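Here the structure is laid out as structure tokens; the discussion comes afterwards.
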Amino acid sequence: MSRRVKDILKENNELEKQLSDDGKKVLTDIVVYLRGVPVSMYEQEKVRRDITQMLIDGEKRGNSSKEVIGEDYREFCDSIVAEIPHMSRKEKVLVFIRDTLPALIVLLVIWCAGRLMEILFGTLTSFDCPVTLGNLLGGILVLTGAEGLITLLTRYAFDSSRSFNMKWGAVLVVVFIVAVCVNYLFTYKVFSIHLGVAAVLALAVFIVYRMVDLCVD
């Protein structure tokens, strides 16, 4: 992320410490909801700063969060977001790439670690490792499931009851189990790649992530 985003994040984290536990909970739900709206993170943090200050001032007057913001937190946030410039298509694409690459890096590292263990235990006889259809489909399933879960959590940030969290937690577990099954059942080899090349690829993806992260707010 850019320097100005880092600075305002640090400022907001310090400001939030002045809130009561109830105020922090309300603010957390608001921030989660804001993460799902199509405005830059810098604009989101500016909104967060303003709302935090509103809640702090309200608590000093003895007012609750609902007395300060109103009963409908979503409507309150939407009314503010409507006045903020939304991201362009290019910015949306960059943010999507930035948010997807960390999960891809983790999958690549796990795959490399798994192949290394197979080599050490003699399951694989060379460093040329097969990439199966299951590897590819399982990875795509995990990435899609994770992105879908994040979208749901941000969209329904104000409806995150215990039953809601358990429901989508169960969905995530099912997606993970299906991905693992797909990974082991679909053994058709699509291509082979040297383990060293795969490790370099993981590093290259990380570098791309860092570069994109510096370009977006």
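Some points to look at:
Residues are listed down the side, and each one gets a yes or a no for (1) farther than 25 Å from GLY169 by Cβ; (2) at pLDDT 90 or above; (3) within 21 Å of the chain's Cα centre (by Cα):
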| position | (1), (2), (3) |
| --- | --- |
| GLN53 | yes, yes, no |
| ALA82 | yes, no, no |
| SER88 | yes, no, yes |
| GLU91 | yes, no, yes |
| ILE110 | no, yes, yes |
| MET117 | yes, yes, no |
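- Boolean, GLY148 is under 30 Å from TYR42 (Cα atoms), within 17 Å of the chain's Cα centre (by Cα) and exposed (fewer than 12 other Cβ atoms within 10 Å of the Cβ): no
- Evaluating VAL182 against the criteria (1) more than 30 Å from VAL216 (Cβ to Cβ); (2) open to solvent by less than 50 Å² (accessible area, probe 1.4 Å); (3) modelled with pLDDT under 90 leaves one unmet condition, (3).
- Filter result for LEU27 (within 18 Å of VAL216 (Cα to Cα) and part of a helix (DSSP H, G or I)): no
Rundown of residues vs (1) under 30 Å from ILE207 (Cα atoms); (2) out of contact with any helix residue (DSSP H, G or I) (no Cβ under 7 Å at 6 or more places or on another chain); (3) not charged (D, E, K, R), yes/no style:
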residue: LYS10; (1), (2), (3): yes, yes, no
residue: LEU27; (1), (2), (3): no, no, yes
residue: GLU43; (1), (2), (3): yes, yes, no
residue: ASP50; (1), (2), (3): no, yes, no
residue: ILE84; (1), (2), (3): no, no, yes
residue: ARG89; (1), (2), (3): yes, yes, no
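- Some residue of segment 162-169 being surrounded by 15 or more Cβ atoms within 10 Å (Cβ to Cβ), under 30 Å from CYS77 (Cα atoms) and within 14 Å of the chain's Cα centre (by Cα): no
- Failed item, numbered, when ARG4 is tested on (1) open to solvent by 30 Å² or more (accessible area, probe 1.4 Å); (2) modelled with pLDDT of 90 or more; (3) in a helix (DSSP H, G or I): (2)
- Failed item in (1) open to solvent by less than 60 Å² (accessible area, probe 1.4 Å); (2) modelled with pLDDT of 80 or more, with THR187 passing the rest: (1)
- Residues in segment 120-145 that are in contact with a helix residue (DSSP H, G or I) (Cβ under 7 Å, 6 or more places away or on another chain), open to solvent by 40 Å² or more (accessible area, probe 1.4 Å) and either closer than 14 Å to LEU108 by Cα or not aromatic (Phe, Trp, Tyr) (or both): LEU137, LEU141, VAL142, LEU143.
- Whenever a residue of segment 196-217 is more than 18 Å from TYR42 (Cβ to Cβ), its partners that are among the aromatic types (Phe, Trp, Tyr) and open to solvent by 50 Å² or more (accessible area, probe 1.4 Å), lying with C-beta atoms within less than 7 angstrom and at least six residues away or across chains, give the pairs GLY196/PHE127.
- Top-ranked residue of segment 70-94 - restricted to ones that are over 16 Å from TYR33 (Cα atoms) and part of a helix (DSSP H, G or I), ranked as most open to solvent (accessible area, probe 1.4 Å): ARG89
- Scope segment 170-179; condition open to solvent by 50 Å² or more (accessible area, probe 1.4 Å) and under 29 Å from ASP128 (Cβ atoms); matching residues: PHE176, VAL178
- The one condition from (1) modelled with pLDDT of 90 or more; (2) over 21 Å from the mean Cα position of the chain (by Cα) that ALA204 does not meet is (2).
- Restricting ASP57, ASP78 to residues that are at pLDDT 90 or above, acidic (Asp, Glu) and under 27 Å from ARG4 (Cβ atoms) narrows the list to ASP57.
- All conditions but one from (1) in contact with a helix residue (DSSP H, G or I) (Cβ under 9 Å, 6 or more places away or on another chain); (2) modelled with pLDDT under 85 apply to GLU71; the one that does not is (1).
The values are calculated or read from the model by the stated rules, or taken from the named source; none is laboratory data. None of the values given here were measured: they were computed from a predicted structure. Cβ: placed from backbone, ideal geometry, glycine included. Neighbour counts: every protein chain shown. Just so you know, the surface numbers come from the protein's heavy atoms only, side chains and all, with ligands and any DNA or RNA stripped out. Shrake-Rupley method; radii C 1.70, N 1.55, O 1.52, S 1.80 Å.
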